[in-house]
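The values are calculated or read from the model by the stated rules, or taken from the named source; none is laboratory data. Nothing here was measured: the structure is a model prediction, and the numbers come from that model. Glycine gets a Cβ as well: all are built from the backbone with ideal geometry, and neighbour counts include every protein chain shown. Heads up: the accessible areas ignore ligands, DNA and RNA and are worked out on the full protein's heavy atoms, side chains in. Shrake-Rupley method; radii C 1.70, N 1.55, O 1.52, S 1.80 Å.
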Amino acid sequence: MRFTYTFFTSLSILISSCLPSLAAPFDAGERLEYSLTWGILPAGKTVMELVEKTRINGKEAFHATSVTDSTEAIAHFYSLNNRIDTYIDTQNFSTLKYESRTRENKREKHEIAIFNQSKKEVKYEKGGKSRLLKTASLMYDPISSIYYIRSLNLKPGEKTRLHTFDGGKLFTSDISFVKKEKISVKGVAYETIKLHSKTEETGESKKRKEYFIWLTANKARIPVMIKTKIKFGYIISELNQKKE
């Protein structure tokens with residue numbers, strides 16, 4: 001069973017370039033912690049943090065990190081440690097630079113992606129090899145997309161299509177606002193916005209995925225739960241942070 005990027009990809013698909021954005025509902029210093037479960041098994045944990053504001057290629061950027069580790073409960077058949085560093089344009093939350101280091105069982109992987117948003121291209125490096133991908137305008141990686149969607153002025157019934165980049169591949173997703181819903185996560189009640197996504201990889205493979213995500217209905221738009229459909233059941237990500 002592969003859990004790599006389940007949490008991140010679930011969030012990354014929820015991006016739209018045609019809905020109006022609000023001012024950023026977050027800032028440097030924010031830290032979010034999540035527990036991941038597969039059925040009744042604790043599968044892992046993720047910590048996301050906005051470390052600081054810095055500059056990349058002359059642009060002001062958020063430096064965001066995300067670290068995911070699998071738990072001992074599944075370590076006997078699957079072990080994962082993944083750290084992502086991404087630099088996010090503070091104006092539109094698109095990606096300027098993305099770097100991922102992954103240790104999966106006994107395999108290690110290092111990826112770097114440099115985004116040129118004006119030229120609509122991404123330079124992707126992995127295993128000492130690089131290639132250039134042509135993209136849509138304003139591309140987002142799995143982490144920058146989380147922050148972008150939180151800035152959107154979402155409304156019930158709205159649908160949109162988006163484009164994302166992850167692991168050297170391009171994706172398109174059809175997103176719909178399902179409803180507002182009150183849910184309980186880790187014993188804390190939240191008023192949320194429930195979103196549904198159907199995602200398809202561009203190109204010949206046409207891999208398909210399906211997700212549900214719940215964001216707080218306030219201006220912070222914090223993801224409190226994600227339900228990801230996999231081959232055998234679902235991966236569920238739940239926020240550990242208590243409601244303020």
Query raised in the report: In the stretch 98-129, how many residues are of a type outside the set (A, V, I, L, M) and more than 30 Å from residue 71 (Cβ to Cβ)?
Result: 12
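What number of residues within the stretch 141-160 satisfy the criterion of being in a strand (DSSP E or B) and open to solvent by 50 Å² or more (accessible area, probe 1.4 Å)?
From the stretch 141-160, those in a strand (DSSP E or B) are 152, 159-160; that's our starting set.
Adding the requirement that they be open to solvent by 50 Å² or more (accessible area, probe 1.4 Å) leaves 159.
Summing the residues that are in a strand (DSSP E or B) and open to solvent by 50 Å² or more (accessible area, probe 1.4 Å) in the stretch 141-160 gives 1.
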Report summary line: A careful count of residues in the stretch 61-91 that are loosely packed, with under 14 Cβ neighbours inside 10 Å and either aromatic (Phe, Trp, Tyr) or in a strand (DSSP E or B) (or both) gives 1
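For the subset of the stretch 26-56 comprising residues that are of a type in the set (Lys, Arg) and closer than 19 Å to residue 98 by Cβ, which member is most open to solvent (accessible area, probe 1.4 Å)?
Within the stretch 26-56, the subset of a type in the set (Lys, Arg) is 31, 45, 53, 55.
Add one more test, that the residue is closer than 19 Å to residue 98 by Cβ, and what stays is 53, 55.
Numbers: 53: 100, 55: 147 Å².
Here the answer is 55.
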Query raised in the report: Which residue, of 174, 166, is charged (D, E, K, R) and within 26 Å of residue 111 (Cα to Cα)?
Result: 166
Query raised in the report: Only one of these conditions is not met by residue 137: (1) modelled with pLDDT under 85; (2) under 21 Å from residue 68 (Cα atoms). Which number is it?
Result: (2)
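Yes/no per residue for (1) of a type outside the set (S, T, N, Q); (2) in contact (Cβ under 8 Å) with a residue 60 or more places away in the chain; (3) over 25 Å from residue 92 (Cβ atoms); (4) open to solvent by less than 50 Å² (accessible area, probe 1.4 Å):
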site	(1), (2), (3), (4)
162	yes, yes, no, yes
168	yes, no, no, yes
172	no, no, no, yes
177	yes, no, no, yes
199	no, yes, no, yes
216	no, no, no, yes
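Could you identify the single residue in 157, 127, 58 that is modelled with pLDDT of 85 or more, within 25 Å of residue 198 (Cβ to Cβ) and over 19 Å from the mean Cα position of the chain (by Cα)? Before the answer, list the steps.
Working: 127 fails: within 25 Å of residue 198 (Cβ to Cβ); 58 fails: within 25 Å of residue 198 (Cβ to Cβ).
The match here is 157.
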Query raised in the report: When you scan the stretch 60-87, how many residues do you find that are out of contact with any Leu (no Cβ under 9 Å at 6 or more places or on another chain) and either free of Cβ contacts under 8 Å to residues at least 12 places away in the same chain or of a type in the set (Phe, Trp, Tyr) (or both)?
Result: 5
